[in-house]
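The values are calculated or read from the model by the stated rules, or taken from the named source; none is laboratory data. As the structure is a computational prediction, the values presented were derived from the model and not from experiment. Glycine also receives a Cβ, built like all others from the backbone with ideal geometry; neighbour counts cover every protein chain displayed. Just the protein is used for accessible areas: all its heavy atoms, side chains included, with ligands, DNA and RNA removed. Shrake-Rupley method; radii C 1.70, N 1.55, O 1.52, S 1.80 Å.
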Amino acid sequence: MSIAFLCPGQGSQQPGMLHQLPNHPQVQKTMNDAEDLLKKDVFSLDTEKEFQSTAAVQISLFLWSIAMYRVFQAEGVKPDMAAGHSVGAFSAAVIAESLSFKEALELVRNRGKWMEEAHPSGYGMGVVTGLSYNQIKRLLKKQDPNKTVYLANLNADDQFTISGSEKALDDFLKSASNEGARKAELLDVTVPSHCKLMRAVTEKMRQYLNEISFLPPKIPYAGNAKARAFFDAESIKEDLAESISKPVYWNETVHLYYERGARLFVELSPQAVLSDLVNKTFSEARAISVSNGLENCLLLMERYNWKS
């Protein structure tokens, strides 16, 4: 049986999240490393005001997941595979030892900045739960061509996110509710991620990535744009660029890792978004978020001999 680390994407943030990290030397080291690189107090990034910035949100999520990864490393826990949802893919690349912390942090900062610059206002994302993929596709075909929204994330058999303009999102979410969705609401995201509206950002990211040295991953890295386990540096580079403007096939990623033997999924996140999805999908696997407490995670790993 194997353990998979899951790293969160935008939407999992919480104000004050960096201040909620455990008091551990590796947490402090991560924050010090980040401050040296960013030349600012990283603990100032997680306020409600700062979280109006996509860049601040993405940096905070990246630092949270890497800090917790380093804590687990210090406690003797090593994952067998890693995956990240959206911006979490950069954390997964670091965990897989394909990308350095320094390079990843700079990439995440630029990613958030470029996304904001591409669509500074009037756009966002929404989530729909309780409808099938075919129902979502049918609603997308029915939409007003002047108010286009796009399928952004396929998170579970009955959970999907969409991206587009605020007006188009409102109309689509009302249609989804009328179709019988259990939930159809806006997400706390101010950019239209994972759709062709972000194509220019993909091209910027690809150019930047071509200047950075990647290593072959030491453990499998699961792609976002293609739900496959990658074992070479070039595939990871391409996925980090392409996933900005293409849908995230998260449901397929989780199934992929389950098929590869993952039975414990640990979410390195201040919330339990990804772990909840796993627990609802697989009866023979267990998922836990670090938001449930570091000690609870370590006890679970020891109980099932997943702690090395």
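Observations on the model:
- Any chance Lys29 is in a loop (DSSP other than H, G, I, E, B) and more than 21 Å from Pro216 (Cα to Cα): no
- Single unsatisfied condition, Lys246 versus (1) open to solvent by 10 Å² or more (accessible area, probe 1.4 Å); (2) assigned to a helix (DSSP H, G or I); (3) closer than 22 Å to Leu107 by Cα: (2)
- Filter result (among the aliphatic types (A, V, I, L, M) and not in a loop (DSSP other than H, G, I, E, B)) within segment 187-216: Leu197, Met198, Ala200, Val201, Met205, Leu209
- Applying the criterion of being out of contact with any Asp or Glu (no Cβ under 8 Å at 6 or more places or on another chain) and over 21 Å from Tyr249 (Cβ atoms) to the residues of segment 156-168, the residue that is least open to solvent (accessible area, probe 1.4 Å) is Ser165.
- Only one of Lys167, Lys237, Lys141 that is part of a helix (DSSP H, G or I), at pLDDT 95 or above and on the phi < 0 side of the Ramachandran plot: Lys237
- Subset tally (residues that are farther than 15 Å from Pro8 by Cα, assigned to a loop (DSSP other than H, G, I, E, B) and open to solvent by 10 Å² or more (accessible area, probe 1.4 Å)) for segment 60-98: 6
- Hey, Pro217 over 17 Å from Val108 (Cβ atoms) and surrounded by 23 or more Cβ atoms within 10 Å (Cβ to Cβ) or not: yes
- Identity of the residue in segment 38-54, in contact (Cβ under 8 Å) with a residue 12 or more places away in the chain and within 21 Å of Ala118 (Cα to Cα), that ends up surrounded by the most Cβ atoms within 10 Å (Cβ to Cβ): Thr54
- Per-region count, segment 249-270, residues assigned to a strand (DSSP E or B) and within 12 Å of the chain's Cα centre (by Cα): 1
- Test result for Pro192, more than 24 Å from Ile95 (Cα to Cα) and within 21 Å of the chain's Cα centre (by Cα): yes
- For segment 217-229, the condition holds for at least one residue, the condition being that it is closer than 28 Å to Leu21 by Cα, in contact with a Leu (Cβ under 7 Å, 6 or more places away or on another chain), modelled with pLDDT of 95 or more and not in a helix (DSSP H, G or I).
- Failed item in (1) modelled with pLDDT of 95 or more; (2) out of contact with any Leu (no Cβ under 8 Å at 6 or more places or on another chain); (3) basic (Lys, Arg); (4) surrounded by fewer than 16 Cβ atoms within 10 Å (Cβ to Cβ), with Lys147 passing the rest: (1)
- Restricting attention to segment 17-37, the residues that are in contact with a Pro (Cβ under 9 Å, 6 or more places away or on another chain) and without any contact (Cβ under 8 Å) to a residue 40 or more places away in the chain add up to 0.
- The residue that is surrounded by the fewest Cβ atoms within 10 Å (Cβ to Cβ), among those in segment 20-34 that are farther than 13 Å from Met68 by Cα and touching a Phe, Trp or Tyr at 6+ places or on another chain (Cβ under 9 Å), is Asp33.
- Test for Val254: is it buried (at least 23 other Cβ atoms within 10 Å of the Cβ) and touching a Leu at 6+ places or on another chain (Cβ under 8 Å): yes
- Single unsatisfied condition, Gly88 versus (1) in the same structural domain as Leu240 (by the TED database); (2) of a type in the set (Gly, Ala, Ser); (3) over 15 Å from the mean Cα position of the chain (by Cα): (3)
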